[in-house]
Amino acid sequence: MQDAIREIQQLLQAGAFPNEAAISQGVVRRLLGKLGWPEYNPSIVWPEYNVQGTRVDFALCHPPSRPCVFIEVKQPGANESAEQQLFQYAFHAGVPLVILTTGQEWHFYLPAKRGDYGDRRVYGLDLVQRDVAESAKRLERYLNYAAVQTGEAQKNAEHDYEDLSRTRQVVEAIPQAWQSLIEEMDDLLIDLVAEKTESLCGYKPDSTLVQEFLLRLPSTPISPRPALNHRSQIRPQSPKQTASTVHPVSSPPPAVNAQGKAAVKRRTSRQSGTSIHAVTILGRTIETRNNREAIRHVLVEFSRRDSAFLSKFVEYQGDGRQYVSQNPQTIHPNRDDYHKHVWEITGGSGWYMNVNLSTSDSMRFIQIACEVAQLQYGRDVLLTVERNL
């Protein structure tokens, strides 16, 4: 399967599939064969299946001659109305899983679910952009012939849809949670602001000063629910996780109302800080003990994907901070003890990274790394941020 995907990637990048017929034969049929489908048995892989006087490109059948999956092939840039057409096919035939593909992009839908077309999309896969192993895993998850026969593939799609549905609810609740933290003057929030202030100027402010600042934030209404990108990889939280951050840290906070002012009170206890405890890159998750390990893992993984990544990073970083360098002294040029605040990324590599960073700065570091690697922070790369016990 992976070898076939690599060859298809090369052909797609070379523009070897000029029309829908070429995509159907060179991509769809080939992958179906690798997934165990008898692609030349028309009672199981039924091309040009008739639905209410129109035709869907492929009907995958189980039992024979009874469609359970529809695949519609469209050329890139020609699929604006394809979702509506595909859902009409599924409605008339009662098919539970439908797929829209351009050969490169594969969109998996559960048409019987609620919401607009995007809300019913389970997963979006780009064969060129995604890691080969991840692409193979997703195709096997939803389209393996044996799994379709046993009903496991449908259960996988249902499970992933429920994960996405829960995530949409979480995204909608995040602004409300932020406003509650402001109003209640949560200890952890005050600590984070104080620690960041100390990292910038060397002095840690009194909690009262932080509280007063939070209360002076300008009025900002709670934003409506953002749309989830069709390529989002959302992983359910494990039981030990207490908080998860997958968005840039620069989002403006909402305002504090009069009740928030009334809620201000001096705190006598303090929580410890937070750190990055897991990194997910293109669906693969690794646990980390701290921010430094998280950053190192990201840099190592991106360098594995692109041997010139670190050199590109040096050219790209331009926000006044030096994150990586082959000369560790340039990372902290004004410190005699600079060697205490850098790590060699891998032994003998000659590349060093800045580790004198707060959690928010570490997240910004990783966000910039994603930009250099041309991956979407919050979509292709997710961070799990937890309170330190």
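The values are calculated or read from the model by the stated rules, or taken from the named source; none is laboratory data. For clarity, every value in this text was computed on a predicted model and none was experimentally measured. In this analysis, Cβ positions are derived from the backbone assuming ideal geometry, glycine residues included, and neighbour counts consider all displayed protein chains. Please note that ligands, DNA and RNA were not included when accessible areas were found on the heavy atoms of the full protein model with its side chains. Shrake-Rupley method; radii C 1.70, N 1.55, O 1.52, S 1.80 Å.
Quick rundown of the values:
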quantity	calculated
Criterion violated by ASN144 - all others in (1) without any contact (Cβ under 8 Å) to a residue 40 or more places away in the chain; (2) out of contact with any Cys (no Cβ under 6 Å at 6 or more places or on another chain) satisfied	(1)
Unique match (being part of a helix (DSSP H, G or I) and surrounded by fewer than 13 Cβ atoms within 10 Å (Cβ to Cβ)) among LYS155, LYS137	LYS155
Close pairs (8 angstrom Cβ cut-off, 6 or more residues apart or separate chains): of a type in the set (Ser, Thr, Tyr) in segment 151-177, modelled with pLDDT under 90 and assigned to a helix (DSSP H, G or I) anywhere	TYR161/ARG120
Selection from segment 294-312 of residues that are without any contact (Cβ under 8 Å) to a residue 12 or more places away in the chain and either in contact with a Phe, Trp or Tyr (Cβ under 8 Å, 6 or more places away or on another chain) or open to solvent by less than 50 Å² (accessible area, probe 1.4 Å) (or both)	ALA308
Residue count, segment 332-380 (criterion: over 12 Å from LEU299 (Cα atoms), buried (at least 20 other Cβ atoms within 10 Å of the Cβ) and among the aliphatic types (A, V, I, L, M))	2
Selected residue [polar (S, T, N, Q), at pLDDT below 90 and open to solvent by 60 Å² or more (accessible area, probe 1.4 Å)] from SER165, SER180, SER199	SER199
Wholly enclosed strands (runs of 3 or more DSSP E) of segment 26-95 bearing at least 2 residues within 21 Å of ARG138 (Cα to Cα) and either of a type in the set (Val, Ile, Thr) or touching a Pro at 6+ places or on another chain (Cβ under 9 Å) (or both)	54-61, 67-73
Strands (runs of 3 or more DSSP E) wholly inside segment 321-389 containing at least 3 residues that are under 21 Å from THR280 (Cα atoms) and in contact (Cβ under 8 Å) with a residue 40 or more places away in the chain	381-387
Members of segment 140-152 that are open to solvent by less than 30 Å² (accessible area, probe 1.4 Å) and in a helix (DSSP H, G or I)	TYR142, LEU143, ALA147, VAL148
Only one of GLY53, GLY15, GLY36, GLY26 that is surrounded by fewer than 17 Cβ atoms within 10 Å (Cβ to Cβ) and modelled with pLDDT of 95 or more	GLY36
Conditions (1) under 27 Å from the mean Cα position of the chain (by Cα); (2) surrounded by fewer than 18 Cβ atoms within 10 Å (Cβ to Cβ): number failed by TYR323	(2)
Filter pass, LEU60 being touching a helix residue (DSSP H, G or I) at 6+ places or on another chain (Cβ under 9 Å) and farther than 28 Å from LYS113 by Cα	no
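For (1) at pLDDT below 90; (2) part of a helix (DSSP H, G or I), each residue gets a yes or a no:
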residue	(1), (2)
VAL264	yes, no
ARG267	yes, no
SER272	yes, no
SER275	yes, no
ALA278	no, no
THR285	no, no
ARG289	yes, no
ARG296	no, yes
VAL300	no, yes
